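Each value in this text was obtained by applying a stated rule to the coordinates, not by laboratory testing. What you see is a predicted model, and the numbers here were worked out from it, not measured in a lab. With ideal geometry, Cβ positions are generated from the backbone for all residues, glycine too; neighbour counts draw on all protein chains shown.
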Amino acid sequence: MNDNEAIGERRRAQRKSVMLSAQVSRAGVSKAVRLTNISSEGASIVGGDLPPRSVDVHLQRDGAAIRARVMWTRGRSGGVRFDQAVDVPQLLRPVPRARLVQPPCSRRPALSPQPLSQAERASIERCCNLLGIRGWN
């Protein structure tokens with residue numbers, strides 16, 4: 001039995017090959033990674049400066065945050081085991097990005113200088129007299 005067969009026997013969950021971006025966070029520091037395969041129990045990740053083995057991390061993708069532990073690293077590759085089983089189809093479901101909705105363009109009519117009618121002048125004069133405003137015109 002070679003190493004790949006031994007690893008395959010230890011894995012209980014079916015893995016799905018993917019190529020997705022994600023973040024691995026620990027102690028407030030996030031690193032960009034790529035998920036190369038995923039199962040309900042864990043995932044393979046590729047990225048620079050991965051956390052060392054046995055470190056607890058959060059794997060984040062499209063708003064989902066999954067607690068996990070780094071099980072192995074080799075160069076830029078590594079594997080994480082999730083603390084709890086995840087729903088892989090739900091995790092892989094594309095989340096639509098928020099779109100900027102432009103409000104309808106409405107313009108108010110342009111103001112054109114027109115003289116006030118006699119009725120408008122009388123109404124303004126009454127209001128000014130009630131408010132004690134003198135010399136409005």
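Observations, loosely collected:
- ³J(HN,Hα) computed for each position of the stretch 119-129 - Karplus, 6.51 cos²θ - 1.76 cosθ + 1.60, integer Hz, glycine/proline x: 5, 5, 5, 5, 5, 5, 4, 4, 4, 5, 5
- Note on residue 67 and residue 19: their simple-model spin labels are 3.4 nm apart, each label 7 Å out from Cα toward Cβ.
- Taking the fewest neighbouring Cβ atoms within 10 Å as the starting point, the ordered list for 46, 88, 80 is 46, 88, 80.
- Label zone at residue 74, where the point sits 7 Å out along the Cα-to-Cβ direction: the stretch 13-41 residues whose backbone N lies under 17 Å: 36-38
- Per-residue Cβ neighbour rank within 10 angstrom, fewest leading, 54, 39, 112: 112, 54, 39
- Taking other C-beta atoms within 10 angstrom as a stand-in for reagent exposure, 29, 70, 18 fall in the order 29, 18, 70, fewest first.
- Net length gained if the chain between residue 116 and residue 81 were fully extended (0.36 nm per residue, minus Cα distance): 4.7 nm
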